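Data first, discussion second: the structure below is written as structure tokens.
The values are calculated or read from the model by the stated rules, or taken from the named source; none is laboratory data. All of these numbers come straight from a predicted model, not from anything done at the bench. All Cβ positions, glycine included, derive from the backbone under ideal geometry; neighbour counts span all protein chains shown.
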Amino acid sequence: TLEVIARRYGVSVSEIRKWNRLKGDRLRVGQKLIVGVKEEKEKKEEVKKEPVAVSDIEKVFLELERKHEIILSNPQATKTDWLKLLSEYIRLYLLYPSSYVAPKAILKTANIYFHIYKNFSDSEALNKAIERYNFLIKNHPKSFEVEEAYYRLIQIYREVIKDKEKEKSLRAEFKAKYPKSTYLSKLEEKVEAKELKKTEKKEKEIKTKGPVIESAKEKIAISDIIPKKVLEVHPVTGEDYSRVIINVSDNFEYQANILKGDKDRPPRIYVDIYPAILDSKISKEIEIKDALLTGVRVAQFDERTVRVVLDLNSLTSYKIFKLREPYQLVLDLIGKGKIQKSYTKEAPKKGEYINLARQFGLGIKRVVIDPGHGGEDPGAIGPSGLKEKDVTLVLAKILAQKLRTRLGIEVILTREEDKFIPLIQRPAIANSKKADLFISIHTNASPDSKGCGIETYYLNFTTDPEAMRVAALENAASDKSLSDLQDLIKAILVNTKLSESRMLAEKVQEELVKGVNKYYSDIMDRGVKYAPFLVLVGTRMPAILVEAGFISNPIEEKRLKDQQYLEMVAEGIAKGIEIYIQSLKFSQTYYDKKS
Ligand SMILES: [Zn+2]
């Protein structure tokens, strides 16, 4: 009954009734309820958006994630603010206790309780956090979130409660149940008290810095007043997604705005870049015909400001972020898609479960393969002169053929020839083509010529120095821009298909190593890792990066020249993708049965 639920979650019965417009005290299993979500007002936008009724579970969850980001970046957030957010996650769980967002919502609830304990010294909140982590471990043992729950619980017993016995037994239990968890190695690292303080300080700095997206407050030194050149404005457009990339010669500031438009003028987004002048070679008007964008115009607004205007078909939400070295401003426009309004209180229909399964990435029809590097960017070069860009292209073409014939899916390559494509354009190609999977192909390199083996990555921020090294290598970027990227990724991660990408990476890595191992028993399995790769930023589908061997190792370089080895690698990747797709079909059966 409601009373039991209310007591368990520390809310009142009347609150639950109010949220769900319930009169009685009883709930049916799988009962469908209304969720109304108001969009946050964005200060920089002139346009006020209407509250939108959303029935889609994922949208509700993402909206909460966004609220979480906002409150996290607000140093003045009160305990009441946090409790309010907490109640929304609890409500989400109560509404959809058997959906795939349920474990995510429980984890969030636990994390927020812990945050409240830490920031408002509320010891009751600590008890609740522990209780929620245990609840997740007990009730969702197969979820991706359970590993983080163990990790955080062990941390609490180690750092806060300082109960060594409990910590030890929990850790043994975790290791026995999830021997492959990446959180295990994190726990192995002995964190010294001093280092811990350092990281805590860093975390606080990040929090008070505010969200990376939309932050243009960064001050530029006086010596930097000499105008920078806006070199290129490059749109990559598709049906419900467009990315506009603006290349600038050096560091700059910017200000973005959205205008509603009227009967004479379309809605538009404009971005002012300063101090900057236009490069003489730039084309000032780019005509585009797609669902979101109708054109891009570039002009010298005043003597130190370049204005880029995006003419829109209709008002569209957008994200903007700045990258360094090379300096770029990136605007992502995302179509609204279908917003379904549903006010029925009936149980979910079969179709809705299938729709939910679709969000897992079911029905994979189109894959974009990205052969790393190309043109002026050779990638890593082997001791005998073999270039990474050539290996990745051959490999991508073999893989494409295998996927087409074996799985009958459409395959698009980001490049078919030896051509330079900027990193940030590559995920935009996958998004604009509505790809269901994105596979970026690379070969690894190390200053140590003995470095060897195969590894597969997905996008996330990391503290692992080896993963950071590979990301720096592939991003061709400095450490400074890499740490910016870490912050950026924290901000955009809510829109990234994290667990699906990890699952895809696991299947591909496993099959790849298994396949190659048949002929080369010495092949080293370096496992699945994550790092901030520019080439994966903003992907809207499960996305991975495969490092198919070390081109810097003379033995592996020789193999990378061998057509048969490349066949084997492509076969392994294709097999991994196939098994990933099969595992999705399995979960579809699961949802069909449940309904
Ligand atoms: Zn590479």
(request) Select from the stretch 456-478 the residues that are within 19 Å of residue 525 (Cβ to Cβ), out of contact with any Phe, Trp or Tyr (no Cβ under 9 Å at 6 or more places or on another chain) and within 14 Å of the ligand (Cβ to nearest atom) and list them in ascending order. (result) 456, 469
(request) Please list, ordered by first then second residue, the pairs with beta carbon atoms under 6 Å, 6 or more apart or interchain, first in the stretch 149-167 and under 12 Å from residue 126 (Cα atoms), second surrounded by fewer than 20 Cβ atoms within 10 Å (Cβ to Cβ) and of a type outside the set (A, V, I, L, M, F, W, C). (result) 157/163; 157/166; 157/167
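Listed here are the residues, each with its yes/no results for (1) farther than 19 Å from residue 97 by Cα; (2) of a type in the set (A, V, I, L, M).
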| site | (1), (2) |
| --- | --- |
| 130 | yes, yes |
| 140 | no, no |
| 155 | yes, no |
| 163 | yes, no |
| 169 | yes, no |
| 172 | yes, yes |
| 182 | yes, no |
(message) Looking at residue 126 and the list (1) modelled with pLDDT of 85 or more; (2) within 22 Å of the chain's Cα centre (by Cα), which single condition is not satisfied?
(response) (2)
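Of the residues 441, 398, which single one is within 23 Å of residue 509 (Cβ to Cβ), touching a helix residue (DSSP H, G or I) at 6+ places or on another chain (Cβ under 8 Å) and more than 16 Å from the ligand (Cβ to nearest atom)?
Details: 441 fails: more than 16 Å from the ligand (Cβ to nearest atom).
When all the criteria are applied, what remains is 398.
Here's the yes/no breakdown for (1) surrounded by fewer than 21 Cβ atoms within 10 Å (Cβ to Cβ); (2) in contact with a helix residue (DSSP H, G or I) (Cβ under 7 Å, 6 or more places away or on another chain); (3) in contact (Cβ under 8 Å) with a residue 24 or more places away in the chain; (4) not polar (S, T, N, Q):
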position: 243; (1), (2), (3), (4): no, yes, yes, yes
position: 246; (1), (2), (3), (4): no, no, yes, yes
position: 257; (1), (2), (3), (4): yes, no, yes, no
position: 272; (1), (2), (3), (4): yes, no, yes, yes
position: 280; (1), (2), (3), (4): yes, no, no, no
position: 290; (1), (2), (3), (4): yes, no, yes, yes
position: 317; (1), (2), (3), (4): yes, no, no, no
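Considering only the stretch 177-198, how many residues are in a helix (DSSP H, G or I), more than 18 Å from residue 466 (Cα to Cα) and modelled with pLDDT of 50 or more? Full working, then the answer.
Filtering the stretch 177-198 down to residues in a helix (DSSP H, G or I) leaves 177, 182-188, 193-198.
So of that shortlist, the ones also more than 18 Å from residue 466 (Cα to Cα) come out as 177, 193-198.
Now restrict to residues that are modelled with pLDDT of 50 or more: 177.
So the count comes out to 1.
From the list 379, 374, 453, exactly one residue is within 16 Å of the ligand (Cβ to nearest atom), touching a His at 6+ places or on another chain (Cβ under 9 Å) and more than 19 Å from residue 504 (Cβ to Cβ). Which is it? If you could, list the steps in order and put the result at the bottom.
On the way: 374 fails: touching a His at 6+ places or on another chain (Cβ under 9 Å); 453 fails: touching a His at 6+ places or on another chain (Cβ under 9 Å).
On inspection, the qualifying residue turns out to be 379.
Just to verify a result, which residue in the stretch 530-564, among those that are aromatic (Phe, Trp, Tyr) and within 15 Å of the ligand (Cβ to nearest atom), is surrounded by the most Cβ atoms within 10 Å (Cβ to Cβ)? Give the derivation first.
Residues of the stretch 530-564 that are aromatic (Phe, Trp, Tyr), as a first pass: 530, 533, 550.
Checking which are within 15 Å of the ligand (Cβ to nearest atom) leaves us with 533, 550.
Values: 533: 26, 550: 28.
Looking at the filtered set, the residue picked out is 550.
Criterion first (within 16 Å of the ligand (Cβ to nearest atom) and of a type in the set (Ser, Thr, Tyr)) does residue 405 satisfy it?
Numbers: within 16 Å of the ligand (Cβ to nearest atom): no; of a type in the set (Ser, Thr, Tyr): yes.
No, not satisfied.
Taking the options 153, 136, 107, 170, name whichever one is touching a Leu at 6+ places or on another chain (Cβ under 7 Å), modelled with pLDDT of 90 or more, farther than 26 Å from residue 81 by Cβ and outside any loop (DSSP other than H, G, I, E, B).
Values: 153 fails: farther than 26 Å from residue 81 by Cβ; 136 fails: farther than 26 Å from residue 81 by Cβ; 107 fails: farther than 26 Å from residue 81 by Cβ.
Answer to the selection: 170.
Hey, does the stretch 510-533 have a residue that's within 22 Å of the chain's Cα centre (by Cα) and either assigned to a helix (DSSP H, G or I) or free of Cβ contacts under 8 Å to residues at least 60 places away in the same chain (or both)? Lay out the reasoning, then the answer.
Step one: of the stretch 510-533, the residues within 22 Å of the chain's Cα centre (by Cα) are 527-533.
Then keep just the ones that are either assigned to a helix (DSSP H, G or I) or free of Cβ contacts under 8 Å to residues at least 60 places away in the same chain (or both); that gives none.
Taking every residue of the stretch 510-533 in turn, none turns out to be within 22 Å of the chain's Cα centre (by Cα) and either assigned to a helix (DSSP H, G or I) or free of Cβ contacts under 8 Å to residues at least 60 places away in the same chain (or both).
Give the residue, chosen from 532, 542, that is in contact with a strand residue (DSSP E or B) (Cβ under 6 Å, 6 or more places away or on another chain) and under 22 Å from residue 368 (Cβ atoms). Spell out the reasoning first.
Working: 532 fails: in contact with a strand residue (DSSP E or B) (Cβ under 6 Å, 6 or more places away or on another chain).
Criteria check complete, one pass: 542.
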(request) Kindly check whether there is at least one residue in the stretch 557-580 that is touching a helix residue (DSSP H, G or I) at 6+ places or on another chain (Cβ under 6 Å), in the same structural domain as residue 380 (by TED's automatic domain parsing) and either modelled with pLDDT under 90 or in a strand (DSSP E or B) (or both). (result) no
(request) Would you point out the residue of the stretch 206-262, among those that are touching a strand residue (DSSP E or B) at 6+ places or on another chain (Cβ under 9 Å) and on the phi > 0 side of the Ramachandran plot, that is modelled with the highest pLDDT? (result) 261
(request) Quick one: residue 392 ticks every box in (1) more than 23 Å from residue 325 (Cα to Cα); (2) more than 16 Å from the ligand (Cβ to nearest atom); (3) not acidic (Asp, Glu) except a single one, so which number is it? (result) (2)
(message) Could you list, ordered by first residue, the pairs with Cβ atoms under 7 Å in which the first is in the stretch 92-120 and closer than 13 Å to residue 131 by Cα and outside the structural domain of residue 59 (by TED's automatic domain parsing) and the second is assigned to a helix (DSSP H, G or I) and charged (D, E, K, R), at least 6 apart or interchain?
(response) none
(message) If residue 575 satisfies all but one of (1) touching a Gly at 6+ places or on another chain (Cβ under 7 Å); (2) over 20 Å from residue 382 (Cβ atoms); (3) crowded, with 22+ Cβ neighbours inside 10 Å, what's the number of the condition it fails?
(response) (3)
